[in-house]
1. Check off (1) within 19 Å of Lys59 (Cβ to Cβ); (2) exposed (fewer than 13 other Cβ atoms within 10 Å of the Cβ); (3) of a type outside the set (Phe, Trp, Tyr) for Val38 and give me the number that stays unchecked.
2. Output the residues belonging to region 19-51 that are under 21 Å from Ser6 (Cβ atoms) and assigned to a loop (DSSP other than H, G, I, E, B).
3. Would you please name the residue that is modelled with the lowest pLDDT, looking only at residues in region 73-102 that are under 25 Å from the mean Cα position of the chain (by Cα) and among the polar types (S, T, N, Q)?
4. Listed residues Met1, Met25; which is surrounded by fewer than 18 Cβ atoms within 10 Å (Cβ to Cβ), at pLDDT 90 or above and not polar (S, T, N, Q)?
5. Of the residues that sit in region 52-66 and are in a loop (DSSP other than H, G, I, E, B) and modelled with pLDDT under 70, which one is least open to solvent (accessible area, probe 1.4 Å)?
6. Take Glu14 and decide whether it is closer than 20 Å to Thr56 by Cα and among the acidic types (Asp, Glu).
Amino acid sequence: MPQGSSPKRERQYEHIKDSGKKRGMSEGRAEEMAARTVNKERARSGESKTASRSSTQGKSASQRGGERSGNRSKEPTRDELYQEAKKRGIKGRSSMNKDELARKLGR
């Protein structure tokens with residue numbers, strides 16, 4: 001943590017770092033993620049001397065609440081579409097790509 005950071009930011013840093021390690025991140029990656037997140041929060045609240053435009057605009061990490069994490073796509077995979085086509089008995093499904101399967105299934 002940077003010199004002069006508040007006890008709140010120290011706690012926030014440790015919490016984020018521990019969370020990252022629990023999710024299987026390496027020690028270094030967890031520390032980097034925690035530092036970047038805390039530094040952005042400090043910039044947003046005016047606690048840092050300098051701040052980039054990207055640090056002060058848009059949603060903060062805490063506001064985003066994991067919107068960018070995990071699998072972004074909510075649509076089914078080609079294999080999932082294939083299995084559904086198999087259940088419905090659609091002919092020629094093995095040679096179809098994802099878009100073709102989706103069309104045949106009415107998606």
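The values are calculated or read from the model by the stated rules, or taken from the named source; none is laboratory data. All of these numbers come straight from a predicted model, not from anything done at the bench. All Cβ positions, glycine included, derive from the backbone under ideal geometry; neighbour counts span all protein chains shown. What goes into the accessible areas is simple: the full protein's heavy atoms, side chains included, and nothing from ligands, DNA or RNA. Shrake-Rupley method; radii C 1.70, N 1.55, O 1.52, S 1.80 Å.
1. Condition not satisfied by Val38: (2).
2. The answer is Ser45, Gly46, Glu47, Ser48, Lys49, Thr50, Ala51.
3. Residue satisfying both the conditions and the ranking: Ser73.
4. Going through Met1, Met25 in turn, just one is surrounded by fewer than 18 Cβ atoms within 10 Å (Cβ to Cβ), at pLDDT 90 or above and not polar (S, T, N, Q): Met25.
5. Kept after step one, since they are in a loop (DSSP other than H, G, I, E, B), are these residues of region 52-66: 52, 57-60, 65-66.
After this cut, where a residue has to be modelled with pLDDT under 70 as well, the list is 60, 66.
Details: Ser60: 6, Gly66: 42 Å².
Applying the filter and picking the extreme gives Ser60.
6. no
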